[in-house]
Amino acid sequence: MKINVGVIFGGRSVENEISVITAVQTMSAMDADKYNIIPIYISKQGHWYTGDKLRSTDNYRDMKRLLSEVEEVYLRPIYGDNRLYRVRKPLLGSDVAATIDVILPALHGTSGEDGAFQGTIEFTGIPYACPNPLASANGMDKITMKMILKECGIPVVDYCWFSDKEWLSERDATVQRIEAKLHYPMIVKPANLGSSVGIKAVHDRSELIEAVDNAVTYSKRIIVETLIEQLKEINCSVLGDYYDCRASVCEAPVRSGEILSYEDKYLGGGKNKQSQGMRSTVREIPASLPQQTTDFIRRTACDTFKALACDGVSRIDFMIDQADGSIYVNEINTIPGSLSFYLWEATGVPFGELVDTLIDIAFRRKRDSDFKITSYSENIFAYQNVHGAKTGGAKR
């Protein structure tokens, strides 16, 4: 029998469109003889839809028309219920739109890659092919991620962080704290966004203030880092889990400015009229690096993946300071754009095989978790001498 795979994408995120591209690419690569593909699009307003018309990017040009031609659905947060329900229940027939055996998330950014979605799916017990809520949250938040990696001895650049409220109420003191620890040029980033959204290189105090003012419109927490001037960026993907993972070949994305921008990633530096997701990035693959450097990056990519307790497929982005050869982990993408299929194809793993592996990992993790104790069968309220502290039966 075919496996019913719910491919979930879109979301209330600034990366909604990029997520659509990832999902369409993924669904096109899936073996129709193995899988019954169930596309599930989450709109920018947070409504869920399913229907075959969601499988073509051309249909997203007219969103109003597209959403009128597909069916609004929802999942119940009840453990063991793997059914997708119709919002508009028919007068005759079932209100079940589909049954899902496993979920393949193609979500990026806020509410999709940060653990919020993963926590929702944990309530249902449906296997899903990406890191769990904790790993997703730690990987998405650039501050927490760097704290964990630094503790594990994995190299990261110097940084400062602060909240939006600190910035608004203690701006001068925050600027002084940043300048005391870091030097210009710097790079300002919202802590929990991807796709280079809200990121800006700064070269003096006025640019720093302007960039942070922009960043706080996207995120509650802001991180400012030392900007490597003689920068070479390298990306490497990791596939597997904590116990068994492997790294892909490395790539060197080509940027048009000081940082790799949204346009560089998804519009080929602005040259492409129609985005193909991360496939649009101009890149050198495999990256031209000394073998020793390649080996270090691939090994550190796996160490990063394990330190953050990831599973599935991730992409780890590195920075090389060409002034002295230092190598730093920049960030991890726990659901990378286009699922990093281009890196795995260059490693000898076709996109379809990558999907097969992700689904296998999802089922294996579910089997492993089913052996863990999550509750006790005993009911302490059945014991006669048990009293709650708020019922007046207990004395100190």
Top mean-square fluctuation among Asn82, Asn385, Asn214, Gaussian network model of the chain, C-alpha springs under 10 Å?
Asn385
DSSP-assigned coil residues among chymotrypsin sites (Phe, Trp or Tyr not before Pro) in region 290-388, each with at most 10 further Cβ atoms within 10 Å
Phe371, Tyr376, Tyr383
Relative contact order %, the chain, counting alpha carbon pairs below 8 Å whose residues are six or more apart
16
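For Cys250, Cys236, Cys152, which order do you get if you count the other beta carbons within 10 Å of each Cβ and list the fewest first?
The most exposed by this proxy come first: Cys152, Cys250, Cys236.
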Of the listed values (1) 54, 27, 21; (2) 36, 29, 23; (3) 38, 25, 21, identify the label whose number matches semi-axes √(5λ) of the Cα gyration tensor in Å calculated from this model.
(2)
Residues whose built amide H sits under 5 Å from the amide H of Lys200, excluding neighbours closer than 5 in sequence, are Val188
Once you keep just the Cα pairs under 8 angstrom separated by 6 or more residues, what percentage relative contact order results for region 159-226?
46
Apply 1/(1 + (r/R0)^6) to the Cβ-Cβ distance of Arg299 and Asp62, taking R0 = 41 Å, and write down the FRET efficiency to the nearest 0.05.
0.30
In whole Hz, what ³J(HN,Hα) sequence does region 13-29 give by Karplus (6.51, -1.76, 1.60; θ = phi - 60°), x for Gly and Pro?
8, 5, 9, 3, 5, 5, 4, 4, 4, 4, 5, 5, 4, 5, 5, 5, 7
Cβ-based exposure ranking for Met1, Met30, Met186, Met145, in which fewest neighbours within 10 Å come first:
Met1, Met30, Met186, Met145
Which value does Rg/Rh take for region 159-226 over its C-alpha atoms, Rh per Kirkwood?
0.91
What do you get for trypsin sites (Lys or Arg not before Pro) in region 81-126 restricted to DSSP loop and a cutoff of at most 13 other Cβ within 10 Å of the site's Cβ?
Arg88
Pick from Gln292, Gln118, Gln230 the residue whose mean-square fluctuation is largest in a GNM of the chain, springs joining Cα atoms under 10 Å.
Gln292
Give me a comma-separated list of calculated 3J(HN,Hα) values for region 48-61, in order, Karplus coefficients 6.51, -1.76, 1.60 applied at θ = phi - 60°, integers in Hz, x for any Gly or Pro.
9, 9, 9, x, 4, 5, 6, 8, 10, 5, 4, 6, 7, 5
Tell me, what is the FRET efficiency for Asp81 and Thr120 to the nearest 0.05, using R0 = 22 angstrom and their Cβ-Cβ distance as r?
0.95
Scan around Leu227 for amide H atoms under 5 Å from its own, H built in the peptide plane at 1.01 Å from N, and keep only partners 5 or more places away or cross-chain.
Met186, Ile187
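As a test of the formula, what do you get for the chain when each DSSP H run with n ≥ 4 contributes -39,500 (n - 2.57) and the sum is divided by the residue count, at 222 nm and rounded to the nearest 500 deg cm²/dmol?
-9500 deg cm²/dmol
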Residue-wise HN-Hα coupling along region 211-226, computed from phi with Karplus coefficients 6.51, -1.76, 1.60 (Hz; x: Gly, Pro):
5, 5, 4, 6, 5, 5, 6, 9, 8, 7, 10, 10, 10, 10, 10, 5
DSSP-loop GluC sites (Glu not before Pro) across region 180-237, with at most 13 other Cβ within 10 angstrom
Glu229
Protection-proxy order for peptides 15-24, 172-181, 32-41, each taking the mean of Cβ atoms within 10 Å per residue, highest first
15-24, 32-41, 172-181
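At a 10 Å Cβ-Cβ cut-off, how would you order Thr374, Thr124, fewest neighbours first?
Thr374, Thr124
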If amide H atoms are modeled at 1.01 Å from N in the peptide plane, then the residues at a separation of 5 or more from Val254, or on another chain, having amide H under 5 Å from its own are Val282, Arg283, Glu284
Here the FRET efficiency for Tyr376 versus Glu71, based on Cβ atoms and R0 = 41 Å and rounded to 0.05, is 0.50
GNM top mover of Leu92, Leu308, Leu239 - the chain, alpha-carbon springs below 10 Å
Leu92
Rounded, prolate or oblate, given the Cα gyration tensor of region 1-128, with a/c below 1.5 counting as rounded?
rounded
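Bear in mind that the values in this text are calculations on the coordinates, not laboratory data. Predicted, not measured: the structure shown is a model, and the values here were computed from it. Here the Cβ is made from the backbone with ideal geometry for all residues, glycine too, and neighbour counts use every protein chain on show.
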